[in-house]
Amino acid sequence: MSQADTIVREDGIIDSVSGPVVTAVDLDARMNDVVYVGDEGLMGEVIEIEGEITTIQVYEETSGVAPGEPVENTGEPLTVDLGPGLLDTIYDGVQRPLDVLQEKMNSAFLDRGVDAPGIDLEKEWEFTPEVEEGDTVEAGDVVGTVPETVTIEHKVLVPPDYEGGEVVAAESGEFNVEETVVELDNGEEIRMHQEWPVREARPAGDKKTPTEPLLTGQRVQDGLFPIAKGGTAAIPGPFGSGKTVTQQQLAKWSDADIVVYIGCGERGNEMTEVIEDFPELPDPQTGNPLMARTTLIANTSNMPVAARESCVYTGITIAEYYRDMGYDVALMADSTSRWAEAMREISSRLEEMPGEEGYPAYLAARLSQFYERAGYFDNINGTEGSISVVGAVSPPGGDFSEPVTQNTLRIVKCFWALDADLAERRHFPSINWNESYSLYREQLDPWFEDNVSEDWPEVRQWAVDTLDEEGELQEIVQLVGKDALPEDQQLTLEVARYLREAWLQQNAFHDVDTYCEPDKTYLILTTIKTFNDEAFDALEAGVPVEEITAIEALPRINRIGVQEDYEAYMDELKDDITAQLRELY
Ligand code: ADP
């Protein structure tokens, strides 16, 4: 929010204060107007109007604010500042840059009543026009570019609410975001700075059926439960099961152009880790810093609850802005449960009728409105862009039957269920292959067939079947022991063990294993399948299962993940497995 160009309307008076919720009288306001509350001018938003009483959620700590103090209405909705400078920046939930705030207050603790524009209004950027005098432009069109970071070229767009017209002036040079870079014949002036109300989706054309995967570089995700570019996924899991590591792996390795990472309501020290770690991380795609294509929104549990409610909207609006430039954006929200808890707290202060487990009745609607803003879009300027949304869910006690998990499940198409037992056994990523699913699998198959291997769906299905069979056999093993099983079933268990250990497990902290390209994901699978096929041939020829599983080459399967020169390694391994098994009969 820039205070400079807001229209100040009539003032009101505070009537009551209840935590983040303040009521005012005599305030001439509309729903979602931004207001400044109390003598300190704390930022708030109108969330309810009933007769004389206006209810406001305040984005800052309200202790000490008292009835009788003034409320000033800006007459404007809560907006996000958009323009170059969004990337490589860390914001709080209402898009105040944390470093600017800290400088202003000279302390690490956020003080109150401090406002700061979301982007630097004075910094000059090198603008290169892509239009010239006489060209006609419409809303959403690209009029020029700015090198925003070493990685990302920022496209300067005609704001979506402009009419458009003929270009009468367009100049290259150094400009700050408030200066006009392109003028139209109808008097419209295009600047690099735009604002957009956070609670409203930016206009776009049709959503298309996504057909391209958002590659994660994680075998269990790309291999078994792929997400599409423009898709939605949830990662539910109890504490310590790997939600944060999984989200950060996506931020680092997924093949999105832009990453928006929302740290929502997690404990301060966890968020501090993210804030400290991210700026240090290199971008594996380019070697540049990862932050050069990332915006971080940090709203820790010790920051005001209302700002937590707004942080996901701030994040998704920024994501839409880069989508409009034609980029593939990945948005991570960690954790949507904390966001829902913020809604619950505000709702209870409003004394609304509680729904399930005290969450407001509109929980499901809010969640779906948020995930709705994901998709693979035809942009209004004719380009295509996507927003993939991945939300972590932290159900209390890891119980997936609670309302946030259940409502999220109804919306998202990809479900990566983290499992405390697997995490305890140090099986990482602890994505449970029985409970997880992806509804994108079939629609993404053609991409994998064209880009990896024609038999990708068959080989994957073989893996799924083998793991299913293992699941059933394990139940019997628990009762009667492994040795009581027929030999072919014992062999299946052995094959499945390699699937789990060499394929599904992946160490995020190993230099090589941390990222696995789809070719490698596929080849590991075919190596295990080679063992499977040759081993069953040997078994049929009468070789005892102990001899089959004792061949010297076999343990090498578990070291595939860490091989850099994996093709040569696997070629040799397949040959050795085949030769050693055939020697047995
Ligand atoms: P959560 O966010 O669910 O509380 P974390 O993401 O912090 O859990 O993960 C807890 C721990 O589990 C990590 O510190 C790490 O040691 C381990 N871990 C999680 N995922 C992986 C992974 N893919 N590879 C290796 N270790 C992992």
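Condition test on V220, is it in contact with a helix residue (DSSP H, G or I) (Cβ under 7 Å, 6 or more places away or on another chain), touching a residue at least 40 places away in the same chain (Cβ under 8 Å) and in the same structural domain as F377 (by TED's automatic domain parsing)? Steps first, please.
Numbers: in contact with a helix residue (DSSP H, G or I) (Cβ under 7 Å, 6 or more places away or on another chain): yes; touching a residue at least 40 places away in the same chain (Cβ under 8 Å): yes; in the same structural domain as F377 (by TED's automatic domain parsing): yes.
Judged against the criteria, V220 is a match.
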Test for G230: is it within 16 Å of the ligand (Cβ to nearest atom), closer than 30 Å to T521 by Cα and of a type outside the set (S, T, Y): no
Please enumerate the residues belonging to segment 200-210 that are in contact with a strand residue (DSSP E or B) (Cβ under 7 Å, 6 or more places away or on another chain) and either outside any strand (DSSP E or B) or on the phi > 0 side of the Ramachandran plot (or both). R202, A204, G205, D206, P210
Restricting to segment 370-404, name every residue that is closer than 20 Å to M343 by Cβ and in a loop (DSSP other than H, G, I, E, B). R373, A374, S394, P395, D399, F400, S401, E402
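If a residue must be out of contact with any His (no Cβ under 9 Å at 6 or more places or on another chain) and touching a residue at least 60 places away in the same chain (Cβ under 8 Å), how many such residues does segment 127-155 contain? Explain how you work it out, then say what you get.
So the first thing to find is which residues in segment 127-155 are out of contact with any His (no Cβ under 9 Å at 6 or more places or on another chain), and the list is 127-144, 149-155.
Among the residues that remain, those that are also touching a residue at least 60 places away in the same chain (Cβ under 8 Å) are: 127, 138-142, 149-152, 154-155.
The total comes to 12.
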Go through segment 325-360 residue by residue and tally those that are of a type outside the set (S, T, Y), under 24 Å from F239 (Cβ atoms) and assigned to a helix (DSSP H, G or I). 11
Given the conditions (1) touching a strand residue (DSSP E or B) at 6+ places or on another chain (Cβ under 9 Å); (2) crowded, with 16+ Cβ neighbours inside 10 Å; (3) at pLDDT 95 or above, every one holds for R219 apart from (1)
Of the conditions (1) under 30 Å from E341 (Cβ atoms); (2) within 16 Å of the ligand (Cβ to nearest atom); (3) assigned to a helix (DSSP H, G or I), the single one that N407 does not satisfy is (2)
Mind checking which pairs have a first residue in segment 297-320 that is not assigned by TED's automatic domain parsing to the domain that holds V274 and a second that is of a type in the set (G, A, S), Cβ under 8 Å, 6 or more apart or different chains? none
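From the list E449, E534, pick out the single residue that is assigned to a helix (DSSP H, G or I), in the same structural domain as E567 (by TED's automatic domain parsing) and among the acidic types (D, E). Break it down stepwise before answering.
Working: E449 fails: in the same structural domain as E567 (by TED's automatic domain parsing).
Residue meeting the stated conditions: E534.
Does Q474 count as free of Cβ contacts under 8 Å to residues at least 24 places away in the same chain, in the same structural domain as D533 (by TED's automatic domain parsing), surrounded by fewer than 18 Cβ atoms within 10 Å (Cβ to Cβ) and under 33 Å from the mean Cα position of the chain (by Cα)? Even if it seems obvious, please write down each step before you answer.
Values: free of Cβ contacts under 8 Å to residues at least 24 places away in the same chain: yes; in the same structural domain as D533 (by TED's automatic domain parsing): yes; surrounded by fewer than 18 Cβ atoms within 10 Å (Cβ to Cβ): yes; under 33 Å from the mean Cα position of the chain (by Cα): no.
The answer is no for Q474.
Please state which one of V65, V94 is of a type in the set (A, V, I, L, M, F, W, C), assigned to a loop (DSSP other than H, G, I, E, B) and modelled with pLDDT under 90. Walk me through how you get there before you give the answer.
Details: V65 fails: modelled with pLDDT under 90.
Only one candidate qualifies: V94.
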For A319, work out the one condition from (1) modelled with pLDDT of 90 or more; (2) within 30 Å of V17 (Cβ to Cβ); (3) buried (at least 24 other Cβ atoms within 10 Å of the Cβ) it doesn't fulfil. (2)
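The values are calculated or read from the model by the stated rules, or taken from the named source; none is laboratory data. Values in this document were obtained by computation on a predicted structure and should not be read as measured data. Positions of Cβ are backbone-derived with ideal geometry, glycine not excepted, and every protein chain shown enters the neighbour counts.
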